[in-house]
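Below you'll find the structure, written out as structure tokens, and then a few comments.
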Amino acid sequence: MKNFKSRFFEDYKVNDEIHHSVPRTITDGDVSLYLATTGSRFALNYSKEFSRKLGFKKNPIDDILLFHMVFGRTVPDLSLNAIANLGYAGVKFKKPVFVGDTVTAKSKIVGLKENSNEKTGTVYVESVGTNQNGEVVLSYYRWLMMRKKEKGMISSFKNLVPKLPERVKSSEFHCPNVRIDHWLSEISGSSFYFNDYQIGEEIHHLDGQTIEDAEHQLATRLYQNNARVHFNQHVEKDGRFGKRIIYGGYIISLARAISCNGLANTFKVVAIHSGKHSSPTFSGDTIYAWSKVLEKEKINNKIGTMLIRTIASKNNSQMKFPDENKLDENIVLDLVYSVLIPIK
Amino acid sequence: MKNFKSRFFEDYKVNDEIHHSVPRTITDGDVSLYLATTGSRFALNYSKEFSRKLGFKKNPIDDILLFHMVFGRTVPDLSLNAIANLGYAGVKFKKPVFVGDTVTAKSKIVGLKENSNEKTGTVYVESVGTNQNGEVVLSYYRWLMMRKKEKGMISSFKNLVPKLPERVKSSEFHCPNVRIDHWLSEISGSSFYFNDYQIGEEIHHLDGQTIEDAEHQLATRLYQNNARVHFNQHVEKDGRFGKRIIYGGYIISLARAISCNGLANTFKVVAIHSGKHSSPTFSGDTIYAWSKVLEKEKINNKIGTMLIRTIASKNNSQMKFPDENKLDENIVLDLVYSVLIPIK
Amino acid sequence: MKNFKSRFFEDYKVNDEIHHSVPRTITDGDVSLYLATTGSRFALNYSKEFSRKLGFKKNPIDDILLFHMVFGRTVPDLSLNAIANLGYAGVKFKKPVFVGDTVTAKSKIVGLKENSNEKTGTVYVESVGTNQNGEVVLSYYRWLMMRKKEKGMISSFKNLVPKLPERVKSSEFHCPNVRIDHWLSEISGSSFYFNDYQIGEEIHHLDGQTIEDAEHQLATRLYQNNARVHFNQHVEKDGRFGKRIIYGGYIISLARAISCNGLANTFKVVAIHSGKHSSPTFSGDTIYAWSKVLEKEKINNKIGTMLIRTIASKNNSQMKFPDENKLDENIVLDLVYSVLIPIK
């Protein structure tokens, strides 16, 4: 058969390398659709003039948009037979990406573990995105629950569970060489800088957003992420939930966009240390987000980094910041990541 | 708290100036999404070749798209605690804007009036949009009903109701320096020019458009207008109408796009003299539009201006042009504006 | 009246030429929206780098996107009073089109036939799209069932049913001058080339896509196709189906995009020999697609052409390839076309 059935658990081997197909040139159209589907207000990404004052050649694309573009490349090879996206770790944002750049992706299998149910296994993968000059723009670990072709334990199979980084070290952060003195509250919309945030401080980002099927489908197709659960109501009506499941990455985008209301000066995501989609979301759900500042560190005299935990919920605007190990059912995302912010 | 609660009535002072954040570089992506959400067919805005023949460096963006881009800048500072957008006056479109330009906005409080209900007041504001060279591209007056923080009349408060212009004078119109001899009916799709329209003439624009939640949300986010009533069904289900309210500006765009069928040679909006959102619109509503020619005047030998009143209705395709002071419930927009049209 | 009522059957004369209005400059925004509304993964159209390696100046736009852009020009003059789009023939894709090109269209009436019901007639038309240099980029025949203004047979009317081409000859195919040695499976995502396909082979393309009203409306407006049945629920609720009918061309786009899963190396559509929208589609329908290889021919030593029949269904994922003359009710598209594919 010529159609693409993707791989099952048995088809992966540790150290396998996969070159993902369909490189993608990122355009102004992608940036506008990212805005239209998220409502982001992070100033750096949408003003050519402001970005130039800071020393960029033009406005870099949103870090999470880049994540989706790399992730979208990997889907046919990794996600089509996945039952669940179990987590992310060690996500590092490297060289900034601009409109006109072309992104490609490759992955390496770094671990495999059979599950005792005999039907599934866990695949651990490291994915790397590069630009047209071969420079790394993104790398991350991800693990997925994958279907087996046949039920049963594989004879003489050796589980290999890799030791994934709990944290990306701040020495690994890519801090762009910017003239941060030109950063202005008037432009970003916030007067809160590195010194204004307290460790342990919690922020309710307020702006709930209700998602429609057309919106998440448009966004997910834009990234050429063609995992079937997001698009096919004819199949999903008889599935686990009776409806299409929203691409988890879309919720990351919404949470980051919503978090601008309270974190508007956090101009770059440098790392995502861990990410969990703790519950699925569907058309009609309203997404809210809260953040907590976990740690702070100076990168240099003018730029600091903050370790942030952002929680997104659905249909719940009144939330206590939850215990990390007791995630309420209507929590849909638990993200721990590091951002850059000017020191003033 | 770090999140942005915006201002209440008590937070505004007459003569206050507000520099709105998040300048916006306008791109080809924005223009395509404007097309995709409105269906406009005004030839000047979508053909680089035709625009160049007329003397533009490339196709200028639609005037109403510019309006949204400027308006979107002002929302966090002006609209978040507004209960209603009461009206517009003196809207002047100045320098044309092109893809690649970056738009910023500032506002000045020009009037304040307490309401006798002790809970709200009216804020009168003048907003100005500029391009990256500091040239004015748009200016307008707007007044809003704003919530107070605390109930009660403010002691020794002096109401100031400004005298807003009833009309932008035609001497203030920005008429671009174009080679209008190159305007062609074959290209615009209409053979009706300045001399073909009669004062008092009414036009039914015919093409009803049904709006989906995904559509108005995409458009409104594209403009980075983040007023909460447009996006949050979780809150709005318990609100005044039980559903998300469509951004009034989206209806202006639809009405202008629909009016192309009958006004295709009116190539530029130079002023909006008054605008009223007489009734809210919701997902599922179908918008129709009618226009009436109120006045005509020659700008020079080759270009004239017409004063137009355009009415938009929801779910009503059979309408008598209404008396200005008796707006039927299903009328959703009443707009009086001036356009340029070739004289042939 | 100034509004545009379009033409009725009586308004067309054989050999009439119509210059369609509103030329359209194609932008990166259009390409992104095409991706967002179809999810295409044909590598050539989305990577500037890959396209350049093959010898193009940059990535050409998707052939079916070009079709919609030309078709959209013709709608006000041809489709507004059409009851049904009866078919396409002789669709030839000529010069490739790139972002920045401006497309115009003209049509010639090549046949007219009255129907015995006295209310309608068939209009046969040849449409031609050209770029800003006057080069032909697309031409096709189409026939439509058109309303008459008045019931009755027209006195002394002579029916003229033109002989339309059953096939575009392969000698007429536009084969771009590419360095096809640079075509890579790693990039396209498929290792199946000309020699791997067998005549008679059937391919189930698997990836069903559910359509929302917002999605087809956005796509159709992007092409400035303003045929009313696609947009006006207020009228359509009382119409034949009680709902908005999806633009048939959107289904062609979906079928082609879905067919990438099995035909990823068919890098260009050179001709559509016949196309039938055998049943209408509506919001909520899930589209599936199947293809059959009907013929194969070498263009030169490195590029071959395949004649493909692609069938799309709604809400039916289990299908036997149907007899050409017994199309099941849930078949919505029957397309016979020719593609180019590398020989390796």
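The values are calculated or read from the model by the stated rules, or taken from the named source; none is laboratory data. Please read all numbers here as calculations on a predicted model, not as lab measurements. With ideal geometry, Cβ positions are generated from the backbone for all residues, glycine too; neighbour counts draw on all protein chains shown. All accessible areas refer to the heavy atoms of the entire protein, side chains included, with ligands and DNA or RNA removed. Shrake-Rupley method; radii C 1.70, N 1.55, O 1.52, S 1.80 Å.
Looking across the range A:49-59, the residues that are open to solvent by 20 Å² or more (accessible area, probe 1.4 Å) and either within 30 Å of C:LEU263 (Cβ to Cβ) or in contact with a Pro (Cβ under 9 Å, 6 or more places away or on another chain) (or both) come down to A:GLU49, A:GLY55, A:PHE56. Selection of the range B:225-242 for residues being surrounded by fewer than 24 Cβ atoms within 10 Å (Cβ to Cβ), facing chain A (nearest Cβ under 10 Å) and outside any helix (DSSP H, G or I) yields B:ASN225, B:ALA227, B:ASN232, B:LYS237. Name the pairs: first residue in the range B:256-268 and of a type in the set (A, V, I, L, M), second residue outside any helix (DSSP H, G or I) and open to solvent by 10 Å² or more (accessible area, probe 1.4 Å), Cβ to Cβ under 6 Å, at least 6 apart or on different chains? Short answer, once both residue conditions are applied: B:ALA257/B:GLY39; B:ILE258/B:ASP207; B:ALA264/B:GLY189; B:ALA264/B:SER190. For the range A:1-81, the helices (runs of 4 or more DSSP H) that sit wholly inside it and include 1 or more residues that are modelled with pLDDT under 95 are A:63-78. Could you list all residues from the range B:297-319 that are assigned to a strand (DSSP E or B), away from chain C (no Cβ under 14 Å) and in contact (Cβ under 8 Å) with a residue 60 or more places away in the chain? Hits for the range B:297-319 are B:GLU297, B:LYS298, B:ILE303, B:GLY304, B:THR305. If you scan the range B:1-40, which residues turn out to be more than 14 Å from chain A (Cβ to nearest Cβ), open to solvent by less than 20 Å² (accessible area, probe 1.4 Å) and farther than 23 Å from A:LEU35 by Cα? B:PHE9, B:TYR12 - these are the residues of the range B:1-40 that are more than 14 Å from chain A (Cβ to nearest Cβ), open to solvent by less than 20 Å² (accessible area, probe 1.4 Å) and farther than 23 Å from A:LEU35 by Cα. Pairs linking a residue in the range A:1-27 that is farther than 28 Å from C:ALA289 by Cβ and touching a residue at least 40 places away in the same chain (Cβ under 8 Å) to a residue that is in a loop (DSSP other than H, G, I, E, B) and open to solvent by 50 Å² or more (accessible area, probe 1.4 Å), with Cβ atoms under 6 Å and 6 or more positions apart or on different chains, are A:GLU10/A:LYS149. Out of (1) out of contact with any helix residue (DSSP H, G or I) (no Cβ under 9 Å at 6 or more places or on another chain); (2) over 27 Å from C:SER47 (Cβ atoms), what's the single condition that is false for A:GLY248? With respect to (1) out of contact with any helix residue (DSSP H, G or I) (no Cβ under 9 Å at 6 or more places or on another chain); (2) over 27 Å from C:SER47 (Cβ atoms), A:GLY248 is out only on (2).
Does C:ALA264 satisfy the criteria of being touching a Ser or Thr at 6+ places or on another chain (Cβ under 6 Å) and either β-branched (Val, Ile, Thr) or within 14 Å of chain A (Cβ to nearest Cβ) (or both)? The answer is yes for C:ALA264. Restricting B:TYR193, B:TYR250, B:TYR197 to residues that are closer than 26 Å to B:LEU86 by Cβ and touching a residue at least 40 places away in the same chain (Cβ under 8 Å) narrows the list to B:TYR250. Only residues that are within 14 Å of another protein chain (Cβ to nearest Cβ) and among the small types (Gly, Ala, Ser) were counted in the range A:267-287, giving 2. Picking from residues in the range C:196-224 that are in contact with a strand residue (DSSP E or B) (Cβ under 6 Å, 6 or more places away or on another chain) and in a loop (DSSP other than H, G, I, E, B), the one that is nearest to B:LEU206 (Cα to Cα) is C:GLY208. Report whether or not B:ILE252 is more than 22 Å from B:TYR140 (Cα to Cα) and in a helix (DSSP H, G or I). Taking the combined requirement at face value, the residue does not satisfy it. Of all residues in the range A:324-343, one or more are among the small types (Gly, Ala, Ser) and buried (at least 21 other Cβ atoms within 10 Å of the Cβ). Checked against (1) in contact with a strand residue (DSSP E or B) (Cβ under 9 Å, 6 or more places away or on another chain); (2) in contact (Cβ under 8 Å) with a residue 40 or more places away in the chain; (3) of a type outside the set (Phe, Trp, Tyr); (4) farther than 14 Å from C:VAL128 by Cβ, C:VAL110 passes all but a single condition, namely (4). Every listed requirement among (1) within 24 Å of A:ILE211 (Cβ to Cβ); (2) among the hydrophobic types (A, V, I, L, M, F, W, C); (3) under 18 Å from the mean Cα position of the chain (by Cα) is met by B:PHE241 save one, (3). Any idea how many residues of the range A:260-295 are closer than 29 Å to A:LYS243 by Cβ, in a loop (DSSP other than H, G, I, E, B) and open to solvent by less than 10 Å² (accessible area, probe 1.4 Å)? The qualifying residues number 1. Would you point out which residue out of C:ALA219, C:ALA214 is touching an Asp or Glu at 6+ places or on another chain (Cβ under 6 Å), more than 18 Å from C:ILE308 (Cβ to Cβ) and within 12 Å of chain A (Cβ to nearest Cβ)? The unique qualifying residue is C:ALA214. Residue pairs whose Cβ atoms lie under 7 Å apart, sitting 6 or more positions apart in sequence or on different chains, and linking a residue in the range B:114-133 that is within 16 Å of B:THR102 (Cα to Cα) to a partner that is open to solvent by less than 20 Å² (accessible area, probe 1.4 Å) and among the polar types (S, T, N, Q), are B:VAL128/B:SER139; B:ASN131/B:THR102; B:GLN132/B:THR102. Once the range C:152-174 is narrowed to residues that are among the basic types (Lys, Arg) and free of Cβ contacts under 8 Å to residues at least 60 places away in the same chain, the residue that is surrounded by the fewest Cβ atoms within 10 Å (Cβ to Cβ) is C:LYS163.
For residues that are touching a strand residue (DSSP E or B) at 6+ places or on another chain (Cβ under 8 Å) and either among the hydrophobic types (A, V, I, L, M, F, W, C) or closer than 23 Å to C:ASN131 by Cβ (or both), tally how many sit in the range B:17-49. Of the residues in the range B:17-49, 8 are touching a strand residue (DSSP E or B) at 6+ places or on another chain (Cβ under 8 Å) and either among the hydrophobic types (A, V, I, L, M, F, W, C) or closer than 23 Å to C:ASN131 by Cβ (or both).
Among the residues making up the range B:114-143, a single one is of a type in the set (Lys, Arg) and buried (at least 18 other Cβ atoms within 10 Å of the Cβ): B:ARG142. Once the range A:175-209 is narrowed to residues that are within 24 Å of A:SER47 (Cβ to Cβ) and in contact with a Phe, Trp or Tyr (Cβ under 6 Å, 6 or more places away or on another chain), the residue that is least open to solvent (accessible area, probe 1.4 Å) is A:GLN209.
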